[in-house]
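Read through the structure below, which is laid out as C-alpha cells, and then see the notes.
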Amino acid sequence: GEPAMQLVACNFYVAASAASVDVLTSLLKRAQEHCRRIRSTGPIGVIHAFSDVPYDRSSLHIAGAPSLVSEVTSRLICGALEEIDLNGEHGSVKQDARHPFVGLVDHVSVMPMMDSSQSCDSLIREAAARVAREIGAEMSQANLVNVHYYGAACPDNTPLATVRRKNTAFFRSGGAVQAKSDGTKPDSGGDSSRTSTTKGDS
C-alpha cells in the first residue's frame, strides 16, 4: 500500500490569558483563517485552544503536515511575541505568576501523530524534530527571544527538565524569570522547541 502521510502536532504555551484575551483571540482567528487559505496544499488546522485564567496561561494546538504546522505555528508564536507585552518593558517579571514560566512563550512541543496501526518510525520522529528546529529558527531570526532546544530537537537529546534547570529560571523564584540586567533580550522559554515520541519522553 501507499506510505502513510506524515503528520505532526505542535502544542505551545503562552504565559498570558485574561489581560491579553483580545490579542490572543485575534491571533487565533488569524491562524484559523490562514489554515483555511493553505488547506488546499495539505492538512492543517488549529485543533484546540485553551485559556487557563487562574494560572494566567494559554495553550494552542496545531496539527497537520509538517511544513504547514511549522508555517502556522511560527506565525502564531512570532505574533504573540510581538503583540503581547509581558507585564512591562522588555518582558519583565510577572511576580504574581502562579504557574512557573520562562518568558512569554515558554514551551513549544512538537510530536508525531499516528493512528493505532502505525509505528513511530525514525522518519516521522525526524519530521517532528525538524519542525521544532524550524520554529525555533524563526523565533531566533525574528530576534525576539533566546531559544533552547530539548529532546530530539537538540543533538544530545537533552531532557526537558535538564534544559529548564541548567539554562533557565523555571525552577527558581516560583518560575518567574528575572529580566536580564545586561540589556540582552529575555529568554523565551528554555523549552522553546521540542519533539517527542508518542509517550512524550524522548
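So how many residues does the stretch 66-80 have that are surrounded by fewer than 20 Cβ atoms within 10 Å (Cβ to Cβ) and of a type outside the set (Ser, Thr, Tyr)? Result for the stretch 66-80: 3.
Residue-by-condition table, conditions (1) buried (at least 16 other Cβ atoms within 10 Å of the Cβ); (2) modelled with pLDDT under 90; (3) at positive phi:
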residue	(1), (2), (3)
128	yes, no, no
137	no, no, no
140	no, yes, no
144	yes, yes, no
149	yes, no, no
158	yes, no, no
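Per-residue answers, yes or no, for (1) buried (at least 17 other Cβ atoms within 10 Å of the Cβ); (2) not in a helix (DSSP H, G or I):
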{"site": "11", "(1), (2)": "yes, yes"}
{"site": "16", "(1), (2)": "yes, yes"}
{"site": "19", "(1), (2)": "no, no"}
{"site": "24", "(1), (2)": "yes, no"}
{"site": "31", "(1), (2)": "yes, no"}
{"site": "36", "(1), (2)": "no, no"}
{"site": "39", "(1), (2)": "no, no"}
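Residues of the stretch 29-56 that are without any contact (Cβ under 8 Å) to a residue 40 or more places away in the chain, under 21 Å from residue 69 (Cβ atoms) and among the aliphatic types (A, V, I, L, M): 38, 44, 46, 47, 49.
The values are calculated or read from the model by the stated rules, or taken from the named source; none is laboratory data. Note that the coordinates shown come from a computational prediction; the quantities given were computed from them, not determined experimentally. Heads up, the Cβs are rebuilt from the backbone with ideal geometry, glycines too, and the neighbour counts pull from every protein chain shown.
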